[in-house]
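One structure below.
Nothing in this text is a laboratory measurement; each read-out follows from the coordinates by a stated rule. For clarity, every value in this text was computed on a predicted model and none was experimentally measured. Neighbour counts run over all protein chains shown; Cβ positions are idealised from the backbone, glycine included.
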Amino acid sequence: MAEKTAINFKHLPVLFAETMQSLALKDGGIYVDGTLGGGGHTEGMLQRIAPTGVVIGIDQDDDALMSTGERLAVYGERFCPVKSNFAEITAVLDELNVAAVDGVLLDIGVSSYQLDTPERGFSYMNDGALDMRMDRRSGRTAADLLAELSAEELANIIYKYGEEKFSRRIARKIVEQRELQPITGTLQLAELVAEAIPAAARRQEKQHPAKRTFQALRIAVNDELGVLERGLAAGFAALKPGGRLAVITFHSLEDRIVKEYFAGLCKGCICPPEFPICVCGKTPQGKLVNRKPITAGTEELADNPRSRSAKLRVIEKL
Ligand SMILES: C[S@@+](CC[C@H](N)C(=O)[O-])C[C@H]1O[C@@H](n2cnc3c(N)ncnc32)[C@H](O)[C@@H]1O
Ligand SMILES: [Zn+2]
């Protein structure tokens with residue numbers, strides 16, 4: 001059992017060396033990994049903060065917590081797995097009686113394990129039920145959204161979160177099809193999306209035509225952008241002065257949120273640009289560790305295709 005789950009969770013942590021370095025890890029520190037997943041980053045952190053440093057590893061996915069919890073149990077009390085959403089970092093730390101931490105890592109999105117497990121419903125390549133919830137104990141599934149939302153609501157989600165220019169055609173097709181039979185399977189949806197996209201546009205695509213629609217549904221099901229905003233605020237608030245928040249994102253919508261949030265913390269002042277002088281009196285709370293986001297080097301790009309779109313941004317609390 002342990003061996004099976006360990007294999008299932010084999011995961012190449014993205015931007016591993018870069019993340020370890022930019023968190024400025026130190027022995028005896030206390031850190032939060034808000035996206036434990038397969039535990040690659042957490043284990044790297046545990047090794048670098050030995051012999052006394054602690055990592056609190058949060059995940060909302062029971063499978064990830066159980067499997068990685070077992071694998072990292074050798075670190076004893078230095079590793080503390082918690083089932084929660086990283087938007088709730090404040091409550092998690094309160095519960096553990098931790099006042100402030102030295103660093104927080106968020107490696108956003110779904111894990112390879114989630115993507116590669118057909119019954120989780122994230123993949124347009126393998127057949128499975130259209131679930132897509134990271135936390136399977138709560139909320140509406142992708143199939144629920146497809147059954148319940150209006151054509152307009154679906155089109156908005158697919159446009160906004162998938163940046164899909166044929167969102168209206170896809171939404172219309174979904175509504176047409178669901179009259180005939182419920183849309184419950186990943187391949188069923190993938191086919192339907194492909195059919196909704198004009199053949200000429202489909203031929204020009206390098207990626208699967210359903211990729212953007214699947215991304216959009218996943219973001220909606222898990223409220224990923226709302227959760228990211230809350231997680232950034234809670235993660236930064238949890239830092240000690242000099243502590244660092246490192247965030248890895250995988251698409252432009254997420255990266256924009258991180259970039260703008262960090263820029264606001266560095267700027268301080270929130271007065272409208274037309275004001276001749278500052279009246280808000282807010283001062284900078286953080287400084288960027290790197291001016292530009294860190295991306296994968298050629299070696300990692302060759303080894304791990306998923307690193308292609310990864311961007312790491314890091315801020316230090318003043
Ligand atoms: C990309 S994986 C993380 C991989 C991890 N860094 C590693 O080295 O194995 C993302 C993980 O974070 C979890 N996750 C995503 N959003 C979350 C959230 N808002 N709160 C808690 N866990 C979340 C997912 O369930 C998944 O297991
Ligand atoms: Zn101001």
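Which residue, G39, G57, G268, tops the fluctuation ranking in a GNM of the chain built on C-alpha contacts under 10 Å?
G268
How large is the charge dipole for the range 209-286, taken about the Cα centre, if only the Cβ atoms of Lys, Arg (+1) and Asp, Glu (-1) carry charge, to the nearest 20 debye? Let's see the in-between values first.
Details: 10 positive and 7 negative charges, 40 e Å.
In debye, rounded to 20, the range 209-286 gives about 200.
Determine how many Å³ per residue the convex hull of the Cα atoms of the chain encloses.
Cα-based convex hull of the chain, divided per residue, equals 159 Å³.
From the square roots a ≥ b ≥ c of the eigenvalues of the alpha-carbon gyration tensor of the range 30-91, which class results: rounded (a/c under 1.5), prolate (a/b over b/c), or oblate?
It is oblate, given that a/c is not under 1.5 and a/b is not larger than b/c.
What's the magnitude of the charge dipole for the range 136-221 around its Cα centre, counting Lys and Arg as +1 and Asp and Glu as -1 at the beta-carbon? Answer in Debye, nearest 20.
Values: 16 positive and 11 negative charges, 71 e Å.
Using only the charged Cβ atoms, the result is roughly 340 debye.
Report, in whole Å, the centroid distance computed from the Cα atoms of the range 261-277 and the range 123-137.
So the two Cα centres are separated by 41 Å.
Please name which of S150, I174, Q204 has its Cα lying farthest along the dipole of the range 136-221 towards the positive end, using unit charges on Cβ (Lys, Arg +1; Asp, Glu -1) and the Cα centre as origin.
Q204
Have a look at L130, L106, L180 and tell me which one the Gaussian network model of the chain (Cα, springs below 10 Å) gives the largest fluctuation.
Its mean-square fluctuation being the largest, the pick is L180.
Which angle from 0 to 90°, rounded to the nearest 10, does the C-alpha axis of helix 211-221 make with the longest principal axis of the chain?
Once rounded, the angle reads 60 degrees.
How big is the C-alpha Rg of the range 92-202 next to the rule-of-thumb value 2.2 N^0.38 Å, as a ratio?
The reported ratio for this selection is 1.33.
What is the spin-label model distance, in nm, from R137 to C278 if the labels are put 7 Å beyond Cα along the C-beta direction?
Placing both labels 7 Å beyond Cα along the Cβ direction yields 4.4 nm.
Positive end of the charge dipole of the chain (Lys, Arg +1 and Asp, Glu -1 on Cβ, about the Cα centre): tell me which of G76, L96, L15 has its Cα farthest that way.
Positive-end residue among those listed: L15.
When the helices in the chain are scored as -39500 (n - 2.57) per DSSP H run of 4 or longer and the sum is shared across all residues, what 222 nm value do you end up with, to the nearest 500 deg cm²/dmol?
Values: 15 runs with 142 residues, N = 318.
About -13000 deg cm²/dmol.
To one decimal place, what Kirkwood hydrodynamic radius in Å is obtained for the range 263-318 from all pairs of distinct Cα atoms?
13.8
With only Lys, Arg, Asp and Glu charged, each at its Cβ (+1 for the first two, -1 for the last two), find how big the charge dipole of the chain is about the Cα centre; round to the nearest 20 debye.
1040
Test of understanding: in a Gaussian network model of the chain with alpha carbons linked when under 10 Å, which of C80, C280, C266 would top the mean-square fluctuation ranking?
Among C80, C280, C266, the largest mean-square fluctuation in the Gaussian network model of the chain belongs to C280.
Between R178 and D62, what length comes free when the chain is fully extended (0.36 nm per residue of separation minus the Cα-Cα distance, one decimal in nm)?
Result for the pair: 38.6 nm of gain on full extension.
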